[in-house]
Amino acid sequence: MGLISLWTKCPDVLEELRRVEEYIKKNISSKNELLSTIVTDLVDAGGKRIRPAFVIISSKFGRYNRKKTVPAAGALEILHTATLVHDDIIDRSKMRRGKLTVAEEYGNDIALYTGDFLFTKAVLMLSKGISAEKLEIIAKTIKAICEGEVYQFNDRFNVDSTVFSYLKRISRKTAILFASACLLGAYTGKCSRNVEKSLAKYGFYYGMAFQIRDDLYDYIADPERVGKPVGGDIAKGIVTIPAIYAMRNNPAFKEIVSRFFAKKAILADDEVDVIISGVKKNGGIDDAKMMLNTYIERGMRELMKLPSNNYRKLLEELLLSLRI
């Protein structure tokens, strides 16, 4: 689902997202021809633009200020893109959104520089309309994302990963960026403190649910629909919540996974198939769905604290769309 199809129900949000697209394209270029080509291709690759939309929607709960909100929304999207470029280096991913990743097409060195370039561009965009105090939000967000990625890297091939460690990891790796998007939007819209707090919590819970659903799809989705192979994470030793629950439910299954992980290397396809089957048989999917619904319910409770309007309804629809 692309930008237009997702936001058709809210034409004013769609119009502002188009302005964000224009702003990004205008401000993302580089004097270096290769770098400029790469980042332009990344922006043109598209996406749902959920994070910049959260900035816009959150700002609508106050006094919408386009001059401040559009750059903030653009910066959040560029920041997200930077994390994806770096993720693809670490994960050795070959494809992203149906195209070769920067790392695959140009090599890890250029991909690393590209991600760094995008991080600095994001901060520059924000500095034009956000106070130094609020820039700290982005600094802390980048710090947390880096910590989350390191937690995940260090936890590879670990059959003793816990639900707590997993939730801690995804809170930094994914949820905090959604929370920051809502917080920045609330700030640019000069929302009340209570509204700002509820929007930030909603963004956090949405992000947690978003990542749990993504990790569920790694076991149950149609590869063509989600654009990546099923079992991609577990093949690289990344243990997510369905496998954590399944191993907790059945120690014998945990022993099987432990044997596969002993070599600390990419798993063979048949090993991945065994783990996927074991996760399904040992309750990993059902338990993970329960955790997913827990965060959806928490997000809904925060929404009920917000003023009743079309934007709250839109946030509700977005949250409920994460159900499996």
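The values are calculated or read from the model by the stated rules, or taken from the named source; none is laboratory data. Just so it is clear, the model here is predicted, and its values are computed rather than measured. Positions of Cβ are backbone-derived with ideal geometry, glycine not excepted, and every protein chain shown enters the neighbour counts.
Look at (1) within 30 Å of Ile57 (Cα to Cα); (2) touching a Leu at 6+ places or on another chain (Cβ under 6 Å) and you find that Ala235 fails only one, number (1).
For the range 267-277, check the following and say yes or no: at least one residue is at pLDDT 95 or above, small (Gly, Ala, Ser) and in contact with a Leu (Cβ under 8 Å, 6 or more places away or on another chain). Within the range 267-277, not a single residue is at pLDDT 95 or above, small (Gly, Ala, Ser) and in contact with a Leu (Cβ under 8 Å, 6 or more places away or on another chain). Just one of the listed residues (Lys190, Lys143) is part of a helix (DSSP H, G or I) and either buried (at least 20 other Cβ atoms within 10 Å of the Cβ) or not aromatic (Phe, Trp, Tyr) (or both), and it is Lys143.
Of the residues making up the range 39-80, just one is surrounded by fewer than 24 Cβ atoms within 10 Å (Cβ to Cβ), in a helix (DSSP H, G or I) and among the hydroxyl-bearing types (Ser, Thr, Tyr), namely Thr40.
Within the range 1-60, being farther than 15 Å from Glu77 by Cα, modelled with pLDDT of 90 or more and of a type in the set (Lys, Arg) holds for Lys31, Lys60. Beta carbons closer than 7 Å, at least 6 apart along the sequence or on distinct chains, pair a first residue in the range 25-37 that is farther than 15 Å from Leu126 by Cα and in contact (Cβ under 8 Å) with a residue 40 or more places away in the chain with a second that is aromatic (Phe, Trp, Tyr) and surrounded by 12 or more Cβ atoms within 10 Å (Cβ to Cβ) for Ser30/Phe117; Leu35/Phe117. Of the candidates Leu135, Leu112, Leu126, the single residue that is more than 30 Å from Val257 (Cα to Cα), buried (at least 17 other Cβ atoms within 10 Å of the Cβ) and among the aliphatic types (A, V, I, L, M) is Leu126.
Once the range 197-225 is narrowed to residues that are closer than 12 Å to Leu292 by Cβ and among the charged types (D, E, K, R), the residue that is surrounded by the fewest Cβ atoms within 10 Å (Cβ to Cβ) is Asp214. Note on the range 242-273: residues that are out of contact with any helix residue (DSSP H, G or I) (no Cβ under 7 Å at 6 or more places or on another chain), of a type in the set (A, V, I, L, M, F, W, C) and either over 20 Å from Asn154 (Cβ atoms) or assigned to a helix (DSSP H, G or I) (or both) total 3.
Residues to consider are Val230, Val239, Val159; find the one that is assigned to a loop (DSSP other than H, G, I, E, B), farther than 29 Å from Leu100 by Cα and not small (Gly, Ala, Ser). Within the list Val230, Val239, Val159, the selection yields Val159. Of the residues Val123, Val150, Val85, the single one that is out of contact with any Lys or Arg (no Cβ under 8 Å at 6 or more places or on another chain), under 24 Å from Gln211 (Cα atoms) and touching a residue at least 40 places away in the same chain (Cβ under 8 Å) is Val85. Out of curiosity, is Gly278 in a helix (DSSP H, G or I) and either of a type in the set (A, V, I, L, M) or closer than 30 Å to Leu314 by Cβ (or both)? No, not satisfied. The listed residues are Phe164, Phe153, Phe178, and the only one of them that is surrounded by fewer than 21 Cβ atoms within 10 Å (Cβ to Cβ) and either in a strand (DSSP E or B) or at pLDDT 95 or above (or both) turns out to be Phe164.
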